[in-house]
Amino acid sequence: MSHVQSPARRWFAGLLAAAVVALGLIAVEPSPRAAHAAACTGTTGVTVVVDYGPLGGGVQVACALGDPATGLAALQGAGFAVTGTQRWGLAFICRINGQPTAATEPCVNTPPASAYWSYWHASGSGATWTYSTLGATSYDPAPGTVEGWSFGTGTAPSITAP
């Protein structure tokens, strides 16, 4: 017995397949290393600061042990769950630990300039924050440095680099 799909059914099947692929692009990848819920000591890893700003939740500091290859790897290695956008995947960070929520930001394309995760670097404890000119998938943080993420309009994390 032969089963012939109608054009509408093939279209729906194609749409469903595209949706599955899009969701796969924004999936959260597990962290390959254990995280520590405090700043790193010396050059044992890269310290990561996440400032939730107007989203609530305060500021979290964690350590990605070792020498993460990218800022994204440091963020994930420090134990933060990350979601990218449907269009850019994890090359554009849309959510950290589920913030902002899907009801607030659907993460289809890049979020607005008034409400996004800005990316910062500091050369070490007490150093000044510098806005990143590279994306988190292109930047290679050195052990002993500090990575910062701040939600809002592009302002630096509200704490001094730990």
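The values are calculated or read from the model by the stated rules, or taken from the named source; none is laboratory data. This structure is a prediction, so every number in the text was calculated from the model and none was measured. As a convention, Cβ positions derive from the backbone with ideal geometry for all residues, glycine included, and neighbour counts pool all protein chains shown.
Structure above, values below:
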{"read-out": "Any pair with Cβ under 9 angstrom, 6 or more apart, that starts in the stretch 28-48 at a residue that is surrounded by 17 or more Cβ atoms within 10 Å (Cβ to Cβ) and ends at one that is among the acidic types (Asp, Glu) and modelled with pLDDT of 95 or more", "value": "Gly45/Asp67; Val46/Asp67; Val46/Glu147; Thr47/Glu147; Val48/Glu147"}
{"read-out": "Which numbered condition Pro54 misses (of (1) over 21 Å from Ser125 (Cα atoms); (2) in a loop (DSSP other than H, G, I, E, B); (3) over 15 Å from the mean Cα position of the chain (by Cα))", "value": "(2)"}
{"read-out": "Subset tally (residues that are hydrophobic (A, V, I, L, M, F, W, C) and closer than 12 Å to Asp51 by Cα) for the stretch 109-123", "value": "2"}
{"read-out": "Residue list for the stretch 9-51, restricted to those being of a type in the set (S, T, N, Q), within 22 Å of Gln99 (Cα to Cα) and either in a loop (DSSP other than H, G, I, E, B) or modelled with pLDDT under 95 (or both)", "value": "Ser31"}
{"read-out": "Test: residue in the stretch 86-100 that is farther than 14 Å from Gly53 by Cα, without any contact (Cβ under 8 Å) to a residue 24 or more places away in the chain and among the charged types (D, E, K, R)", "value": "yes"}
